[in-house]
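The values are calculated or read from the model by the stated rules, or taken from the named source; none is laboratory data. None of the values given here were measured: they were computed from a predicted structure. Please note: Cβ atoms are built from the backbone with ideal geometry, for glycine as well, and neighbour counts cover all protein chains shown.
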Amino acid sequence: MVSSYNCTVIDLHALVHNYRCIKERVGDAVEVMAVVKSDAYGHGMLPVARTLQAEGNSVFGVAEVEEGVALRKGGIEGRIVVLLGVFADCFTEVLQYNLSPVVFDLESLKGLALAAEAANTEIGVHLKVDIGMGRLGILPNDAERFVETVKSLDGVRLEGIIGHLPVADEVDQNITLAQCREFAALVEKIDPQSLSAAVLHVANSAALIRYTQSRFQMVRPGISLYGYQPAEIDGSKPLDLKPVMSFKTKIVQVKEVPKGSGISYGHTYITGRRTKLAVLPVGYADGYLRKLSNKAEVIINGRRVAVRGRICMNACMADITDIEGVQAGDEVVLMGRQGNEEITADEIAAWMETISYEVLCLFGGVNRREYR
Ligand SMILES: *Cc1c(COP(=O)(O)O)cnc(C)c1O
């Protein structure tokens, strides 16, 4: 079968390694919700979830109901938490596939409870409290009353209380510590009987690494599973993570051009010497954004070389003047390791003025994947 020259390679051994690092860090008393939303940050939701399930993981986080259904159809058991909640048009799927939605408004909570009762079943819900993210959730003062409502409804049971920390990856620690305290305080006010089956959780990767106070009964790592530390982890011992995704292509032409040649659209690069170029069949349609023009580097024959000129829709040029023996057909590493060189998603993110998360979702989202 013919397939694109461009391909992401997903190293499932690295995924398992990262998962074990996280488990070891938080200890047996703290559960792990593996966040596999957005096709597991571009790594492929099902292969990632199946690998982690085989490692013993039993709680998964997705953004939408559709993803939860796909996990169940793919053989994922255990708990599947739908982080963005649910509308009435998905109640049937929530019940049929036993998903655990996040809830934050009484209307949909009551509707869900009625639907569950009618189907003679009970659905676990996670109450979302906005402890400072300014995104989804009820305000902390309303938590007690909301929990009472959940208790009064037959079709639903409180399976968790969830908060989210907006600045866990920033240098200043005071805000996050205060938000963890606020979460603990609101939980204190709730009748312990209502909480008996509820798991408390607020920590993403940054929080679980930097703040033991944020771990409560469960942590929700996403980016760290895929091998990246969140931006700032000053002071805290970093996890020994391995990047899971690499991104590769293959040279389609090697050629020499004279000094003074303009390269690619707009001639934004003019060669300052006689230059040997490798033409690569990768461009912004493959997620290798135009923003990387004249900025990115790639690895060829174990050496880092510069991308010259604008990145086109399906092509770009690397300067291989200083390396010997390069031929059309040779492998090029756009992200990942070759020989002693490595280009990480963090480095590409810096060139793109974004974060590793976006690079992984982007490359993984539009390219073929191979699993190791
Ligand atoms: C995406 C997400 C996470 C995972 O965050 P990372 O920074 O990738 O670890 C955790 N919790 C919620 C609610 C999320 O949406």
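One residue alone among 230, 243 is at negative phi, surrounded by 17 or more Cβ atoms within 10 Å (Cβ to Cβ) and away from the ligand (no atom under 13 Å from the Cβ), and that residue is 243.
Can you give me the number of residues within the stretch 291-332 that are of a type in the set (Val, Ile, Thr), within 23 Å of residue 352 (Cα to Cα) and in a loop (DSSP other than H, G, I, E, B)?
Going residue by residue through the stretch 291-332, those that are of a type in the set (Val, Ile, Thr) are 298-300, 305, 307, 311, 320-321, 323, 326, 332.
Keeping just the survivors that are within 23 Å of residue 352 (Cα to Cα) gives 298-300, 305, 307, 311, 320, 332.
With the extra rule that they be in a loop (DSSP other than H, G, I, E, B), the set shrinks to 311, 320.
Total satisfying the criteria: 2.
Any idea which of 306, 350 is over 28 Å from residue 1 (Cβ atoms), more than 25 Å from the chain's Cα centre (by Cα), surrounded by fewer than 23 Cβ atoms within 10 Å (Cβ to Cβ) and free of Cβ contacts under 8 Å to residues at least 24 places away in the same chain?
On the way: 350 fails: more than 25 Å from the chain's Cα centre (by Cα).
Residue meeting the stated conditions: 306.
Looking only at the stretch 355-372, count how many residues are outside any strand (DSSP E or B) and over 14 Å from the mean Cα position of the chain (by Cα). Residues meeting the conditions: 3. Within the stretch 182-206, residues that are within 20 Å of residue 172 (Cβ to Cβ) sit with their Cβ atoms under 6 Å from residues that are in a helix (DSSP H, G or I) and hydrophobic (A, V, I, L, M, F, W, C), at 6+ positions apart or across chains, in these pairs: 202/183.
Go through the stretch 181-212 and give me each residue that's among the charged types (D, E, K, R), away from the ligand (no atom under 16 Å from the Cβ) and part of a helix (DSSP H, G or I). Once the filter is applied, which keeps residues that are among the charged types (D, E, K, R), away from the ligand (no atom under 16 Å from the Cβ) and part of a helix (DSSP H, G or I), the stretch 181-212 yields 181, 182, 188.
Has the stretch 52-72 got at least one residue that is under 21 Å from residue 246 (Cβ atoms) and assigned to a helix (DSSP H, G or I)? The answer is yes, given that some residue of the stretch 52-72 is under 21 Å from residue 246 (Cβ atoms) and assigned to a helix (DSSP H, G or I). Just one residue in the set 2, 32, 59 is of a type in the set (Val, Ile, Thr), at pLDDT below 95 and out of contact with any Leu (no Cβ under 8 Å at 6 or more places or on another chain); that residue is 2.
Say whether the condition of being over 30 Å from residue 37 (Cα atoms), crowded, with 21+ Cβ neighbours inside 10 Å and more than 16 Å from the ligand (Cβ to nearest atom) is met by at least one residue in the stretch 320-335. Break it down into steps so the answer makes sense when it comes.
Quick first cut of the stretch 320-335, residues over 30 Å from residue 37 (Cα atoms) only: 320-331.
Then drop every residue that is not crowded, with 21+ Cβ neighbours inside 10 Å, which leaves 320.
Applying the additional criterion that residues be more than 16 Å from the ligand (Cβ to nearest atom) yields 320.
Yes; the residues of the stretch 320-335 include at least one that is over 30 Å from residue 37 (Cα atoms), crowded, with 21+ Cβ neighbours inside 10 Å and more than 16 Å from the ligand (Cβ to nearest atom).
Flag: residue 132 matches the condition of being part of a loop (DSSP other than H, G, I, E, B) and in contact (Cβ under 8 Å) with a residue 24 or more places away in the chain. No other residue among 291, 295, 255, 259 is of a type in the set (Lys, Arg) and within 15 Å of residue 327 (Cα to Cα) apart from 255. Being within 16 Å of the ligand (Cβ to nearest atom) and under 25 Å from residue 357 (Cβ atoms), is that true of even one residue in the stretch 85-94? Yes, the stretch 85-94 has at least one match. Scanning the stretch 141-177 for residues that are more than 21 Å from residue 203 (Cα to Cα) and either within 16 Å of the ligand (Cβ to nearest atom) or in a loop (DSSP other than H, G, I, E, B) (or both) turns up 153, 154, 155.
In the stretch 48-61, what residues are buried (at least 18 other Cβ atoms within 10 Å of the Cβ) and over 18 Å from residue 203 (Cβ atoms)? Before you say what the answer is, go through the steps one by one.
To start, the set of residues in the stretch 48-61 that are buried (at least 18 other Cβ atoms within 10 Å of the Cβ) comprises 48-49, 51-53, 57, 59-61.
Residues satisfying the conditions are 48, 49, 51, 53.
For residue 336, only one of the following conditions fails: (1) touching a residue at least 60 places away in the same chain (Cβ under 8 Å); (2) part of a helix (DSSP H, G or I). What is its number? The one condition residue 336 does not meet is (2). Anything in the stretch 1-21 that is in a helix (DSSP H, G or I) and either without any contact (Cβ under 8 Å) to a residue 24 or more places away in the chain or out of contact with any helix residue (DSSP H, G or I) (no Cβ under 7 Å at 6 or more places or on another chain) (or both)? List them, or say none. Passing the criteria: 13, 14, 17, 18, 20, 21. Scanning the stretch 47-65 for residues that are away from the ligand (no atom under 15 Å from the Cβ) and either within 21 Å of residue 356 (Cα to Cα) or without any contact (Cβ under 8 Å) to a residue 12 or more places away in the chain (or both) yields 47, 54, 56. Kindly establish whether residue 177 is at negative phi and in contact (Cβ under 8 Å) with a residue 40 or more places away in the chain. So residue 177 fails the test.
Looking across the stretch 138-159 at every residue that is within 32 Å of the chain's Cα centre (by Cα) and β-branched (Val, Ile, Thr), the one that is surrounded by the fewest Cβ atoms within 10 Å (Cβ to Cβ) is identified as 138.
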